[in-house]
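K.L.:
My questions will all concern the structure given below.
The values are calculated or read from the model by the stated rules, or taken from the named source; none is laboratory data. Source: prediction; values computed, not measured. Reconstructed Cβ throughout: ideal geometry from the backbone, glycine too, with neighbour counts over all protein chains shown.
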Amino acid sequence: MIVQSILGEGTTFELYLSAHIEKSIATSEPFDVRSDGDEKSMLPELGRVLIMDDEPIIRRLVTDGLTQYGYEVMSAEDGEEALIL
Amino acid sequence: MEKNTWAADLDVSQITHVMQNLILTADQAMPGGGKISICGANNWITENDKAPESTLVAGAYVKISVENEGTGISPDILDKISDPYFTTKNTGTGLGLASTFTIIQQHGGL
């Protein structure tokens with residue numbers, strides 16, 4: 001990973017992942033989870049999920065992801081808050 | 001993301017961890033708010049492109065960049081950010097970016 005940073009202006013993290021060219025040519029359409037029927041059918045039946053994490057951005061990422069799949073999502077910052085819910 | 005970005009060989013849960021860490025780091029670097037840009041692009045790396053000390057094998061790579069408009073990292077600590085237990089945050093563990101660097105190396109990437 002290459003890190004470039006300028007004080008007061010910001011930071012860029014660059015990472016390089018080995019590409020799988022044959023597979024890329026076989027599937028020329030961009031990968032889209034939502035159009036992938038197999039992936040969705042592997043998920044259990046829809047229900048309600050409680051997420052507990054102290055980082056607000058992680059709570060939001062997981063909430064948004066599961067909501068897209070149709071789950072009802074509740075989130076809590078810690079155990080105490082989770083118990084109230 | 002470029003439309004024809006190549007597929008990459010990766011462990012989904014480990015790379016999810018990497019992306020979460022980089023986004024979390026970017027978020028925490030911008031206490032006053034700001035923009036986080038994430039881009040993906042195809043990259044051919046030849047022997048000539050490599051830094052002499054690089055362990056990267058020449059070939060095809062998908063380059064992911066995560067850019068923030070945060071406070072920046074001072075040059076004197078830039079080479080320490082991959083060290084385990086190095087942190088500038090009061091409540092940080094110093095393991096977030098360390099694990100990120102390790103996962104990418106284990107993927108044969110950079």
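K.L.:
Can you tell me how many residues in the stretch B:100-110 are surrounded by 15 or more Cβ atoms within 10 Å (Cβ to Cβ) and either in contact with a Lys or Arg (Cβ under 8 Å, 6 or more places away or on another chain) or part of a helix (DSSP H, G or I) (or both)?
P.N.:
First, the residues of the stretch B:100-110 that are surrounded by 15 or more Cβ atoms within 10 Å (Cβ to Cβ): B:100-104, B:107-110.
Those left that are additionally either in contact with a Lys or Arg (Cβ under 8 Å, 6 or more places away or on another chain) or part of a helix (DSSP H, G or I) (or both): B:100-104.
Looking only at that region, the number is 5.
K.L.:
Kindly indicate whether residue B:71 is buried (at least 16 other Cβ atoms within 10 Å of the Cβ) and either within 11 Å of another protein chain (Cβ to nearest Cβ) or touching a residue at least 12 places away in the same chain (Cβ under 8 Å) (or both). Steps first, please.
P.N.:
Working: buried (at least 16 other Cβ atoms within 10 Å of the Cβ): yes; either within 11 Å of another protein chain (Cβ to nearest Cβ) or touching a residue at least 12 places away in the same chain (Cβ under 8 Å) (or both): yes.
Yes, satisfied.
K.L.:
Out of (1) facing chain A (nearest Cβ under 9 Å); (2) farther than 18 Å from residue B:10 by Cα, the odd one out for residue B:57 is which?
P.N.:
With (1) facing chain A (nearest Cβ under 9 Å); (2) farther than 18 Å from residue B:10 by Cα applied to residue B:57, the lone miss is (2).
K.L.:
Can you find, within the stretch A:61-73, the residue that is farthest from residue B:91 (Cα to Cα) among those that are touching a strand residue (DSSP E or B) at 6+ places or on another chain (Cβ under 8 Å) and surrounded by 14 or more Cβ atoms within 10 Å (Cβ to Cβ)?
P.N.:
A:71
K.L.:
Still on this structure, I have one more. If residue A:28 meets every condition in (1) closer than 30 Å to residue B:57 by Cα; (2) among the polar types (S, T, N, Q); (3) at pLDDT 85 or above apart from one, which number is that one?
P.N.:
So residue A:28 meets the others, but not (3).
K.L.:
Here's a follow-up. Please work out which residue is nearest to residue A:65 (Cα to Cα), limiting yourself to the stretch B:11-53 and to residues that are surrounded by fewer than 11 Cβ atoms within 10 Å (Cβ to Cβ) and hydroxyl-bearing (Ser, Thr, Tyr).
P.N.:
If we take residues in the stretch B:11-53 being surrounded by fewer than 11 Cβ atoms within 10 Å (Cβ to Cβ) and hydroxyl-bearing (Ser, Thr, Tyr), then B:13 is nearest to residue A:65 (Cα to Cα).
K.L.:
Any residue at all in the stretch B:39-51 that is within 18 Å of residue B:105 (Cβ to Cβ), modelled with pLDDT under 90 and in a loop (DSSP other than H, G, I, E, B)?
P.N.:
Yes: one or more hits.
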